[in-house]
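Let me begin by presenting the structure, written as structure tokens, before commenting on it.
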Amino acid sequence: MQRFLAGRTFGFVLSIAIVAGITFVYRHLLIVNQTTVALSFLLAILAVSAVWGMAVSVFMSVVSMMVFNYEFLPPIGTLTIADPQNWMALGAFLVTSIMGSQLSGRIRREADEAHSRRREIERLYKFSQKLLGEGNVIQLMNAIPNYIVESFEAGAAELFLPQKDKFYRSGYGAAHLDEEKMKTAFVRDEIAIDSQRSVCFVPVRLGVRAIGSLGISGASLSRQTLDAVSGLVAIAIERARAVEQLSQTEAERQGERLKSALLDSVTHDFRTPLTSMKAAVTSLLGSSQAKNPQAHELLSIINEECDRLNHLVEEAAEMARLEAGEIELHYAPTSTEEIIQGALALSKSGLGAREIQVRVVPNLPPVEADAGRVQDILMKLIDNANLYSPKEQPIIISAELNGDYVTVSVADRGPGIDDLEQGMIFDKFYRGKDQRYLVRGTGMGLPIAKALVTAHKGNIGVTSQLGHGSVFSFSLPVSRKTEGFA
């Protein structure tokens, strides 16, 4: 304010000096007519108006009119006017000078505003370029306040993110920004500007949703610029998150490809020695050397373990082919009852004397599926229930219609699965933490079942309660081709 007043005072003094200078030149050095004098005063008034504004130019207009009357209109040396037409000339001069000053002042203000907007756009562009250079979310959060301070010449800046309940600061005065007001700006989703302290609090909006807030001190920014800064920050945060998530997804995809390639290579290399070992053990078991009970027992163990390794290799190879999309499915309308009966027939040797209860809703429509592969899915779920539940407890197989899908469920009365593990049991090689050392298995059955269900455009899931057992269910789409089925 002091600088403003000092500049205006200087303008008043200088305007008087300019009027005096013009008067001296035209009275003592150059002899000109009254029109030239009036136009010279008018040009000087317009020039002063462009620099010091309306107040100084109006003051200069009044002074110029009085001097013009006193020094150049007859009778010279007095403030009276002899010719009535000179009154009109004097009034026209005053009106013209004031209107010209007003127009000049308006042009000046518009030019200042345009210059200010141009500078703000340049700063916004510089700010956006810095934001685009960051790809890591954590680094971006810490860098945003620094970028605001550097780009807009602010004293301090602070970013608040409610999801982490954390503040990111920059600048010498960041510690003095009111954190409660920043939280209020986020909650109310409103811009708060304190012009006296040059402090503003802005919600960071992504569309119509606030995801945080900014505090800026020491910089005078318009509401439009604050909105633009808010939008740029929100877009930069979401872009960094998207880039990071995309990188993580790509890394996971590459990891899965490497795993599949490794599984394919390992299974290929395992088949030849396993085949040779199996042939040798089978030959020894049939020879006379196996009549020794101890030798027969050892050979039987080797034979069983060869079968187990061979099963593991087959499952790993099948998983690799499924992930690579190399398994061809032959879809056809298939009866759910036939799928269940076929799976039970193939699982009969492993189930032994266990009780199996089948509950199928009558008149189920056929499903669009590869019958052999769906039997594999059900066999793996039955085998899983058989391994992880007491032998004296029954396994319940049920089927029902849910909209456009037929849902087949396998229920057991095993120990159950806690909520944390339910999201991981369909991962390759994962086995329950409490059962992995008690029950033999490879951890590949459920992942293969999930991959096959997904290939059939179906869904698979589990519901479980600790101490009461688990229910594994998969759904397959109903066939649109029902010829030959009731």
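The values are calculated or read from the model by the stated rules, or taken from the named source; none is laboratory data. Quick caveat: nothing in here was measured; it's all calculated off a predicted structure. Note that each Cβ is placed from the backbone with ideal geometry, even for glycine, and that neighbours are counted across all protein chains shown. Just so you know, the surface numbers come from the protein's heavy atoms only, side chains and all, with ligands and any DNA or RNA stripped out. Shrake-Rupley method; radii C 1.70, N 1.55, O 1.52, S 1.80 Å.
Assuming 0.36 nm per residue, please report the length gained on full extension of the stretch Val95 to Ile76 beyond their Cα-Cα distance.
Details: separation 19, 0.36 × 19 = 6.84 nm, distance 2.23 nm.
Separation in residues times 0.36 nm, less the Cα-Cα distance, equals 4.6 nm.
With a 1.4 Å probe rolled over the protein heavy atoms of all chains, the accessible area of Tyr26, Tyr125 falls in the order Tyr125, Tyr26, largest first. When each of the peptides 379-387, 149-157 is scored by the mean number of other C-beta atoms lying within 10 Å of its residues, the order from highest to lowest reads 379-387, 149-157. Note on the stretch 102-151: Kirkwood radius taken over Cα pairs, Stokes-Einstein applied at 20 °C and 1.002 mPa s, translational D equal to 169 µm² s⁻¹. Could you calculate the FRET efficiency of Leu285 with Ala345 from 1/(1 + (r/R0)^6), where r is the beta carbon distance between them and R0 is 25 Å, rounded to 0.05? Computed FRET efficiency for Leu285 and Ala345 comes out at 0.35.
Send over a whole-number figure in Å² for the accessible area per residue of the stretch 307-395, probe 1.4 Å. Don't jump to the answer; show the numbers that get you there.
Details: 4480 Å² over 89 residues.
Result: 50 Å² per residue.
Its convex hull of Cα atoms gives the stretch 156-232 a direction-averaged projected area, equal to a quarter of the hull surface, of 4.6 nm².
Where the centroid of each part is defined by its Cα atoms, how far is the stretch 87-155 from the stretch 325-395 in Å? Computed from Cα coordinates, the inter-centre distance equals 74 Å.
Dipole size in debye (nearest 20) for the stretch 112-171 around its Cα centre, Lys and Arg Cβ +1, Asp and Glu Cβ -1? Let's see the in-between values first.
Numbers: 9 positive and 9 negative charges, 31 e Å.
So the magnitude is around 160 debye.
Annotation for the stretch 399-415 versus the stretch 56-78: alpha-carbon center distance of 103 Å.
On the basis of the beta-carbon distance and an R0 of 35 Å, Glu328 and Gln357 show a calculated FRET efficiency of 0.50. Ordering of 35-47, 213-225 by packing is 213-225, 35-47, highest average first (other Cβ atoms within 10 Å, averaged per residue). Computed with a 1.4 Å probe over protein heavy atoms only, the accessible area of Leu246 comes to about 120 Å².
How much of the accessible area of the stretch 210-257, probe 1.4 Å, is carbon plus sulfur, in whole percent?
Working: 1300 of 2440 Å².
Within the stretch 210-257, the accessible surface is 53 percent carbon and sulfur.
Here the extension length gained between Glu250 and Ile193 equals 16.1 nm, from 0.36 nm per residue of separation less the Cα-Cα distance.
Extension gain Glu338-Leu103, at 0.36 nm per residue separation less the Cα-Cα distance, in nm?
Numbers: separation 235, 0.36 × 235 = 84.60 nm, distance 9.29 nm.
Going from the current span to full extension adds 75.3 nm.
Taking label points 7 Å from Cα along the Cα-to-Cβ direction, Ala47 and Lys126 give a separation of 3.4 nm.
Relative to its Kirkwood radius, the Cα radius of gyration of the stretch 306-389 gives an Rg/Rh of 1.00.
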